[in-house]
Amino acid sequence: MNITDQHHLKGNLLESKQITADTLGEGKLIEGDVLSILGKIDNDVVNVGMTSPPYNKQEKHKGWLVKNVVYDVYKDALPEPEYQQNQVNVLNEIYRVTAPGGSFFYNHKIRWDRGNMYHPMDWLRKTEWTVKQEIIWDRMIAGNIRGWRFWQVEERIYWLYKPIGKKLIGKELRSCDAKLTSIWRGVPEDGRKNRHPAPFPLWLPARVIISILESETQGIVLDPYIGSGTTAVAAKLLGHKYIGIDRSEAYIEMTCERLNNAPGEMSKIREEQGLHHVKGTFKERKTKGKHVGKYRDTDNESKIAQPTLFEQ
Ligand SMILES: C[S@@+](CC[C@H](N)C(=O)[O-])C[C@H]1O[C@@H](n2cnc3c(N)ncnc32)[C@H](O)[C@@H]1O
């Protein structure tokens, strides 16, 4: 199959490792099961990725989240050990297709089943990735239907790193990112604006891409559970190439439509770019004593919408 001119590909027609940096064009959206499609991508192609997999919510439970988050062609209910092993396999394939020095941001959350806690680190430590940081995504909003625990309004984002050789630490962030903390506060996407049941807000993949990739060099961005295409839209608007995978044809079509209208979402990208604004280097900031103190980023507070759920 000649894939050079095509954008939406049926994964079952592709050969092993057929997706390479040279055949990507602006980007590719590939329909099919994530593990099998990752096998169609060549080694070391991707520079940065971000994703939110299905959370194995077990549809028999009757939570607010479960009732509203129902996917098109996928029943999110595997036995937990099978789910975790599948995630290890997927993450190791993402590791293979990522270039050394590349990063992957994995969004998940702490879950409980009849009192047992499932923490994403339970399976992340079984993968080949170096876990560089755990970021708290304070969504500030979530259903609060039972009182077994304090109201869980946060999710987690794991910054995973593929080292070059044996140097696990990698390189420093650029100093323009110095005001971004390990708590990312921002409400999820407004469900009335996106027909997908669990879309990212655009600022989330935009923050990752801006922080990791140089704007002057075109990179390759992967989201292996692309859904409504938010990561691909962020990559495109920031001048990078993308690879998106989803088993739902309808979601891939949604992504194509969104990519066609992407310029209409540029203002949200500009807002995020405005948060990466620090001028001095880390060293200069340290010399001037600007690297410590109470964290207060007034720019950030004014730009991100505040929730209404906490109001009485
Ligand atoms: C949490 S959603 C991702 C939403 C996305 N971040 C966005 O901004 O719209 C997870 C997606 O994974 C897809 N999916 C679930 N299982 C899959 C599999 N085995 N292979 C490929 N895609 C899968 C679902 O169809 C769904 O669109």
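Applying a threshold of 6 Å to beta carbon distances and a minimum spacing of six or more residues, or different chains, the list of pairs starting in the range 39-51 at a residue that is over 14 Å from ALA234 (Cα atoms) and ending at one that is in a loop (DSSP other than H, G, I, E, B) and away from the ligand (no atom under 16 Å from the Cβ) reads GLY39/SER16; LYS40/GLN18; ASP42/LYS17; ASP42/THR20; ASN47/GLY219. Taken over the range 85-118, the residue count meeting the criterion of being touching a strand residue (DSSP E or B) at 6+ places or on another chain (Cβ under 8 Å), without any contact (Cβ under 8 Å) to a residue 40 or more places away in the chain and polar (S, T, N, Q) is 0.
Within this structure, ILE157 passes the test of being modelled with pLDDT of 95 or more and touching a Phe, Trp or Tyr at 6+ places or on another chain (Cβ under 6 Å). Can you tell me which residue among LEU222, LEU213 is in contact (Cβ under 8 Å) with a residue 12 or more places away in the chain, within 17 Å of the chain's Cα centre (by Cα), away from the ligand (no atom under 16 Å from the Cβ) and within 25 Å of ALA99 (Cβ to Cβ)? It is LEU213. Which ones in the range 31-48 are more than 12 Å from ARG247 (Cα to Cα) and either assigned to a loop (DSSP other than H, G, I, E, B) or of a type outside the set (A, V, I, L, M, F, W, C) (or both)? The answer is GLY39, LYS40, ASP42, ASN43, ASP44, VAL45, ASN47. Selection of the range 146-176 for residues being touching a residue at least 60 places away in the same chain (Cβ under 8 Å) and in contact with a Lys or Arg (Cβ under 9 Å, 6 or more places away or on another chain) yields LEU160, GLY170, SER175, CYS176. Across the range 163-208, the qualifying residues are those that are acidic (Asp, Glu) and touching a helix residue (DSSP H, G or I) at 6+ places or on another chain (Cβ under 9 Å), and the one among them that is farthest from the ligand (Cβ to nearest atom) is GLU172.
The values are calculated or read from the model by the stated rules, or taken from the named source; none is laboratory data. Keep in mind it's a predicted model, so treat the numbers as computed, not measured. So basically every Cβ, Gly included, is an ideal-geometry build from the backbone, and we count neighbours across all protein chains shown.
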